[in-house]
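S.K.: Below you'll find the structure I mean.
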Amino acid sequence: MQKKCLFLLCTVLVWTLLFCACCPAGAEVTVDVVSGSVPFLVNKDHPVAEDFVPAGLIPLKGNTDEKLITLKYKDLTAVREAVDALNEMLDAAAADGVKNWKINAAYRSIAEQQRVLENKISSTLKDHPGWSRSRARTHALNTVAEPCCSEHHLGLAIDITAKGASAFKGTKQCKWLHAHCWDYGFIIRYQEGKQAITGFAAEEWHIRYVGVEHALAMRDQDLCLEEYLETLPEDETGARMEIEEITPEDLGL
């Protein structure tokens, strides 16, 4: 396990160096986040580069069924494969009589994630006037990722709830989602009992697209993504994280 963690950390470092060497300051680098053999891991220990942008982002508006879902924000985007899987899943839910979904979040840029964190810190300070900013920030990080450490940067994570519900947990939408999302390539990314591993409190609304094969395996083995990746052969995990050399010509520079 230590060897694999060291490999992943070195991979992140190499990735960052390649981006810095090949891209001008402020340039964005699009990354294919779905074609690898194993799911892409982003967390506190495996951040993305500051100029990271997933390839294949499309708007949810116009690419999802407005009869089935409401978008909290009209400019929400996600990677096409995740949107296609979402549509297939919600069509199946509708066939089972479960509708009225709401999408609260999908892809977020690094800057957007910073704003989300700052807003959470501010709201925490309002709720706890006697707390220091440092304490409020620590509390906020239980539910909001640091910039560069959020799965929302991948364009594969979606926060989905029930339209008009004050709480998602216990709704028919939540029950259906937790029973069936795996069949369409999604996982419940942050589950009860996994906080010590994922670093986040349970979020019954946060789904992550990983593909059907991986989703079913994680469901059947009751594993979160971090645990699942540890079960894979090291050469397979390494192949997913292998970085091809990036040249200025590749980026059109």
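S.K.: Which cross-chain or sequence-distant (5 or more) residues have an amide H under 5 Å from the amide H of ASN43, H modelled 1.01 Å from N in plane?
M.R.: none
S.K.: 7 Å from Cα along Cα→Cβ at both SER122 and THR30: what's the point-to-point distance in nm?
M.R.: With each label point 7 Å from Cα toward Cβ, the separation is 3.3 nm.
S.K.: In angstroms, what radius of gyration and Dmax does the stretch 110-149 have, counting Cα atoms only?
M.R.: Calculated on Cα positions, Rg and Dmax stand at 9.7, 30 Å.
S.K.: Assuming 0.36 nm per residue, please report the length gained on full extension of the stretch SER109 to GLU213 beyond their Cα-Cα distance.
M.R.: Roughly 34.6 nm would be gained on extension.
S.K.: Report ³J(HN,Hα) in whole Hz for each residue of the stretch 223-230, in order, from the Karplus equation J = 6.51 cos²θ - 1.76 cosθ + 1.60 where θ = phi - 60°; Gly and Pro get x.
M.R.: 10, 7, 4, 4, 5, 4, 4, 6
S.K.: Calculated FRET efficiency, THR143 and LYS172, Cβ-Cβ r, R0 22 Å, to nearest 0.05?
M.R.: Between THR143 and LYS172 the formula returns 0.35.
S.K.: Let me ask something additional. Put +1 on the Cβ of every Lys and Arg and -1 on every Asp and Glu Cβ in the stretch 110-149; which of ILE110, GLY130, ALA145 then has its Cα farthest towards the positive end of the dipole?
M.R.: GLY130
S.K.: Show the residues, 5+ positions off or on another chain, whose built amide H is closer than 5 Å to the amide H of ALA162.
M.R.: HN-HN under 5 Å from ALA162: LYS102.
S.K.: I would also like to ask the following. I'd like the Karplus ³J(HN,Hα) series for the stretch 67-84: coefficients 6.51, -1.76, 1.60, θ = phi - 60°, whole numbers in Hz, and an x wherever there's a Gly or Pro.
M.R.: Taking θ as phi minus 60°, the curve returns 6, 9, 9, 10, 9, 5, 10, 6, 9, 4, 10, 7, 5, 3, 4, 5, 5, 4 Hz for the stretch 67-84.
S.K.: State, to one decimal in nm, how far the label point of LYS44 lies from the label point of TRP131, with both points 7 Å from Cα in the Cβ direction.
M.R.: 1.5 nm
S.K.: Quick query: amide H of ALA105 versus all other amide H atoms, modeled in the peptide plane; which residues come in under 5 Å with a sequence gap of 5 or more or a different chain?
M.R.: ASP159
S.K.: Let me ask something else. HN-Hα J couplings of the stretch 187-204 from phi, Karplus 6.51/-1.76/1.60, θ = phi - 60°, integer Hz, Gly and Pro as x?
M.R.: 10, 7, 5, 10, 10, 4, x, 10, 4, 5, 8, 7, x, 10, 5, 4, 10, 5
None of the figures in this text is laboratory data; all of them are computed from the coordinates on show. Note that the structure is a prediction, hence the values are computed from the model and not measured. Counting neighbours? That spans all protein chains shown, and the Cβs are built from the backbone with ideal geometry, glycine included.
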